[in-house]
Amino acid sequence: MRAYFDYNSTTPVDREVFDAMAPYFADAFGNASSIHSAGQRARMAVDRARESVATFVGAKPSEIVFTSGGTEADNLAIFGVVAACRPAPNGGRRHVVTTAIEHHAVLNSCQELERQGVAVTYVPVGRDGVVDPDDIRRAFRPDTVLISVMYANNELGTIQPVEEIGRIAAEADVVFHCDAVQAAGKIPLDVNRLGADLLSISAHKIYGPKGVGALYVRTGTPLAPQFHGGHHERDRRPGTENVPGIVGLGKAAELARANLAGEPARVAALRDRLERELLSAIPSVRRNGDAARRVANTTNLSFAAAGGEALVIALDLQGIACSTGAACSSGAVEPSHVLLAIGLSADQARSSLRFSLGRHTTADEIDLAAAIIPGIVGRLRALSPLAAGTVAAG
Ligand code: PLP
């Protein structure tokens, strides 16, 4: 038996999504820009998907721009707004506000903006993994053109106060981008309630295919295209449409909306049981991020002195897939910027695991995890020189 606890990383394509996409590879293969009937069949499918995605986020179909995924949607939002807002005639700078816990698609885009001479403020978060709207308010300057804050954090699952941030942005007349890639399918999305001018989603996090996503762009929001080519997507994103992918995103959005009624509660019950079992069976485990203000499917736990990478590998050998709060970059294990931002030490961050559950998670998978993980943590700690003094007896 295997257990998959890495739905925040990616989800399997839903069978209904797969079936909806299938005709658009070989049978209805037309180019959605062609005026003949094969093209028009593809165009109609793209239009239907656009309506479904618009309904999913509470927008008008004309406000949806299909992209190659969440990363591209974030890049288009950030570079597109900054490029469209010219510097003041007196050479005034432009300023962007974001948080310390954004996904790299946002953080690295902001770092690139800094190299291009744009000022960026990275607002810190509390130990709870939630940004304080007052800190956002204080970060605004007269030359602030954009604020980008994620809805739900991918590592902790914590939900950011985006409605309040939307109000603050509107008061200050600053464009508000929300990366909702990890919120989609877990909490209802409504761009008007959030006050978002731009909002990113990605198909492969909601049981759709990889390599397709969408950016919601509120009518009237200044946005310069970042690719140059044809007139696709109302001149906002050129390139022949990925028709099967877009159809898949449309179907995934439709299913995600329907499943919001029951799925989060079912998944939260399983996640809470997993958490209870691990916290009670293993000494010196800490839960990271606010336990209440988070999406239903995510838990992030630090297993002092156990080594997250070694844990992921050992658990995988036992059939359990999860992920660590560290990423291997240029040969070294770098602790997660999110875990450092909530005050964990590098060692604590490196010994953290994220379990993210989803549509197909079963009680048997929780039983497997509860049976296997305590023993593996114990064995790795016994081998670790870090364990002495940091792990409570038991
Ligand atoms: N934003 C967040 C919060 C994410 O979790 C991810 C993916 O992990 C992305 C953006 C990037 O999305 P994609 O994988 O579609 O490029």
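Taken together, the values in this text are just the output of simple stated rules run on the coordinates, not laboratory data. In this text the structure is predicted, and so the values were computed from the model without any measurement. Glycine also receives a Cβ, built like all others from the backbone with ideal geometry; neighbour counts cover every protein chain displayed.
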Q: Could you check which residue among 364, 347, 190 shows the biggest mean-square fluctuation in a GNM of the chain with a 10 Å Cα cutoff?
A: 364
Q) If you place +1 on the Cβ of every Lys and Arg and -1 on the Cβ of every Asp and Glu, how big does the dipole about the Cα centre of the chain come out, in debye to the nearest 20? A) 60
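With +1 on each Lys and Arg Cβ and -1 on each Asp and Glu Cβ, how big is the dipole of segment 262-380 about its Cα centre, in debye rounded to the nearest 20? Present the calculation step by step, with values, prior to reporting the outcome.
Working: 12 positive and 12 negative charges, 57 e Å.
With Lys and Arg at +1 and Asp and Glu at -1, about 280 debye.
Based on the mean of other Cβ atoms within 10 Å per residue, sort peptides 285-295, 353-363, 195-205 so the most packed one is first.
On the way: 285-295: 18.5, 353-363: 20.5, 195-205: 28.5.
For the peptides 285-295, 353-363, 195-205, the packing ranking is 195-205, 353-363, 285-295.
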Q) Tell me, what HN-Hα J-couplings in whole Hz come from the Karplus equation 6.51 cos²θ - 1.76 cosθ + 1.60 at θ = phi - 60° for each residue of segment 101-109, using x for Gly and Pro? A) 10, 5, 5, 4, 4, 8, 4, 6, 5
Q. In degrees between 0 and 90, to the nearest 10, how far off the longest principal axis of the chain does helix 162-172 point, with axes built from Cα atoms?
A. 50
Q: Using only alpha carbon pairs under 8 Å that are at least six residues apart, calculate the relative contact order of the chain and give it in whole percent.
A: 22
Q) Going by alpha carbons, how many degrees (0 to 90, nearest 10) lie between the helix axis of 363-383 and the longest principal axis of the chain? A) 60
**Q.** Amide hydrogen neighbours beyond the local backbone of residue 294, cut-off 5 Å, H modeled
**A.** 159
Q | Cα→Cβ-extended label distance, 7 Å offset, between residue 224 and residue 40, nm | A | 3.9
Q) Taking the mean number of other Cβ atoms within 10 Å as a proxy for protection, how do you rank 276-282, 1-7 from highest to lowest? A) 1-7, 276-282
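Could you state, as a whole-number percent, how many of the C-alpha pairs of segment 15-259 are farther apart than 21 Å?
Details: 16508 of 29890 pairs.
Result for the distance tail: 55 percent.
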Q: Would you mind checking the tilt of helix 243-259 against the longest principal axis of the Cα atoms of the chain, expressed as 0 to 90 degrees and rounded to 10?
A: 60
